[in-house]
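Nothing in this text is a laboratory measurement; each read-out follows from the coordinates by a stated rule. Keep in mind the model is a prediction, meaning the values are calculated, not measured. Using ideal geometry, Cβ is built from the backbone for each residue, glycine included, and neighbour counts are taken over all protein chains shown.
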Amino acid sequence: MRKLMSNPILGKCLPWVLPILLIVVWAILSNLDVISRKILPLPQDVLFSFRDLLLSGKLIEHIAISFQRAFIGFLIGGGIGLVLGFINGLSSIAEKLLDTTIQMVRNVPHLAMIPLVVLWFGIGEESKIFLVAVGVLFPVYINTLHGIRSVDNGLIEMGSVYGLRSASLFWKVVLPGALPSILVGLRYALGIMWLTLIVSETIATNSGIGFLAMNAREYMQTDIILLTIVLYALFGKLADSIAKLLEKRFLQWNPNYQK
Amino acid sequence: MSTLKSSTHGVHLRITQLQKSFGEQPVLRGIELDVKPGEFIAIIGRSGCGKSTLLRVIAGLEPSTSGDIRINDHPVDQVHAETRMMFQDARLLPWNKVIDNVAIGLRKEDRHKAEAALDQVGLGARANEWPSVLSGGQKQRVALARALASQPKLLLLDEPLGALDALTRIEMQQLIESLWQQQPFTTVLITHDVEEAVVLADRVVLIEEGRIAMDRTVPFSRPRQRGNAEVAAFIDHILKRVMGITEVESRHEAEDLPYPLKKGS
């Protein structure tokens, strides 16, 4: 078994066996007419509509706008979460002042704010970016705070005996010590980012991948709906891979991430 | 004591009437200690006697409740720039390579000092490895190199060898002794191990219930042979004193006087 796992080609292929198997089963079932094509279209139909949308340039347009929303929202929400996490992690006065409020707001499901957000911002870009930012903020905040709190006190003490003062202590000891936890928050936030974007794009929008799906529903184009779902799955995987890459880059000192 | 001497050798450490309490609980009850520049003293005592607290107060990590600690006649109120401390655990930063751990707190242009210190403890070849791949003894050697890289005038050792196996411990003791002989920083070693105290220190100080109960100069020349009968007898004598199995009269004296035992007995 271990010998099999150490084969590099097999190691790269193994994670994709299950998704490909799923598509094969889908292809067989729908081609044999076991499932109605109105409910589940043929895989090749999905592929054709992918080609058509790609050639017309519409797909790229919608993907680009969705990416833009996700990215800007993530940057704003993640940035605020990170800064709040640092402030509250480093100052107990700030935590006393802010944490209760943050915990109350955190427990409001941010998607429940959609009606209000639509009233505030309309169905333009702001509403989507706002929702993504709110969704991303809390996992980043909580994990940053937890990361800073769990930095080994012995290391901080060592740092102060060895001449590190507040700024250098932060950069050399506190931040690297909190980083594993911050990256967990980042990874979790990436998932929330897609989820929020999908929901907000299907409810109130006139562009983006979610709009593509909602528009297709109006015309019973199940192939396009399915295409958007596959796209979401692939983008989710992409975001996760980026997060993993970051972990590998920044946590190479950690034996758990080596190799 | 001239200032020139203090800059080339270790510092002069003087502690007078030092008291430290945690809440209502007194831990140190009037410590009097004078450590000459370049002197190596060992502080022994049972756990909970306050010896680690004393070291932390000297390091400036804990404020004293009352009394006075002076390094070269300057009162200690925070972490002193020329003091370095080794802890029981190595406390290496796991996200820094070995060499960067040693160079912590050094200026960029002083990096060669870190390399030299790492060579001194025999780990120059491991400079670019992560601390996680080192053994416990190697980690403590890196911690020692880190302490020495900035050429401290006062080295505080808080049971740094307590967690090591017997062979590694003897190796480390010899290493510490030879490095101290090369650059005689003032050293305060906290230890449970009476043999370690006698082998390494110029003076052995016993703390009991927050007071100095015994202060004895070790009369043997270096390097000290563990197997030597006189050394063994001396160790045994101090061990008995620590355990409280000494003769009734000397025990009685010990409670009142800081220097209860005759030298070389």
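What the table shows:
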{"quantity": "Residues with amide H under 5 Å from that of B:Met86, placed H, sequence gap 5 or more", "calculated": "B:Leu156, B:Leu157, B:Asp158"}
{"quantity": "Helix axis angle, A:125-149 relative to chain A longest principal axis, alpha carbon, degrees", "calculated": "40 degrees"}
{"quantity": "Links that overshoot a 32 Å alpha carbon limit, given the list A:Lys96/A:Lys248; B:Lys51/B:Lys139; A:Lys237/B:Lys139; B:Lys20/B:Lys153", "calculated": "A:Lys96/A:Lys248; A:Lys237/B:Lys139"}
{"quantity": "Chain A, helix-only ellipticity at 222 nm - DSSP H runs n ≥ 4, -39,500 (n - 2.57), divided by all residues, nearest 500", "calculated": "-26500 deg cm²/dmol"}
{"quantity": "Exposure proxy order (Cβ contacts within 10 Å, fewest to most) of B:Lys240, B:Lys97", "calculated": "B:Lys240, B:Lys97"}
{"quantity": "Modelled FRET efficiency - R0 45 Å, A:Met113 with A:Lys38, Cβ distances, 0.05 increments", "calculated": "0.80"}
{"quantity": "Label-point separation in nm, B:His237 to A:Leu21, each point 7 Å along Cα→Cβ", "calculated": "7.9 nm"}
{"quantity": "Ascending count of other beta-carbon atoms within 10 Å, so fewest first, for B:Arg56, B:Arg222, B:Arg107", "calculated": "B:Arg107, B:Arg222, B:Arg56"}
{"quantity": "Computed over chain B: relative contact order in percent, which uses C-alpha pairs under 8 Å that are six or more apart", "calculated": "24 percent"}
{"quantity": "At q = 0.07, 0.15 Å⁻¹, base-10 log of I(q)/I(0) for chain B (Debye sum, equal scatterers on each alpha carbon)", "calculated": "-0.25, -1.13"}
{"quantity": "Label point distance in nm, B:Asp110-A:Ser166, each placed 7 Å from Cα along Cα→Cβ", "calculated": "2.3 nm"}
{"quantity": "Separation in nanometres of the label points that stand 7 Å from Cα toward Cβ, at B:Thr65 and A:Lys248", "calculated": "5.7 nm"}
{"quantity": "Stokes-Einstein D (µm²/s) once Rh is taken as the Kirkwood radius of the protein assembly as shown over alpha-carbon pairs, at 4 °C in 1.567 mPa s", "calculated": "46 µm²/s"}
{"quantity": "For chain B, calculated [θ]222 nm from helices alone, where every DSSP H run of n ≥ 4 adds -39500 (n - 2.57)", "calculated": "-10500 deg cm²/dmol"}
{"quantity": "Degrees between helix A:8-31 axis and first principal axis of chain A (Cα, 0 to 90, nearest 10)", "calculated": "40 degrees"}
{"quantity": "Relative contact order computed over chain A (Cα-Cα under 8 Å; 6+ residues apart), in percent", "calculated": "22 percent"}
{"quantity": "Among B:187-198, B:137-148, the order from most to least packed when residues are scored by Cβ within 10 Å on average", "calculated": "B:137-148, B:187-198"}
{"quantity": "Mean Cβ neighbour count within 10 Å, used as a protection proxy, ranking A:60-71, B:18-29 highest first", "calculated": "A:60-71, B:18-29"}
{"quantity": "Relative contact order (%) - the stretch B:145-197, alpha-carbon pairs under 8 angstrom, separation at least six", "calculated": "53 percent"}
{"quantity": "Residues A:Asn256 and A:Leu75, FRET efficiency given R0 of 30 Å [Cβ-Cβ distance, rounded to 0.05]", "calculated": "0.60"}
{"quantity": "All-pairs Cα distance distribution in chain A, expressed in whole percent, bin size 5 Å", "calculated": "1, 5, 10, 13, 13, 13, 12, 11, 9, 6, 4, 2, 1, 0, 0"}
{"quantity": "Nearest 10 degrees, 0 to 90: helix A:222-250 Cα axis against chain A principal axis", "calculated": "20 degrees"}
{"quantity": "FRET efficiency, 1/(1 + (r/R0)^6) with R0 22 Å, evaluated for A:Ser150 and A:Leu97 via beta carbons", "calculated": "0.50"}
{"quantity": "Peptide A:158-171, shielding by other chains (average Cβ, 10 Å cutoff)", "calculated": "5"}
{"quantity": "Difference of contour (0.36 nm per residue) and Cα-Cα distance, B:Glu209 to B:Gln225", "calculated": "2.6 nm"}
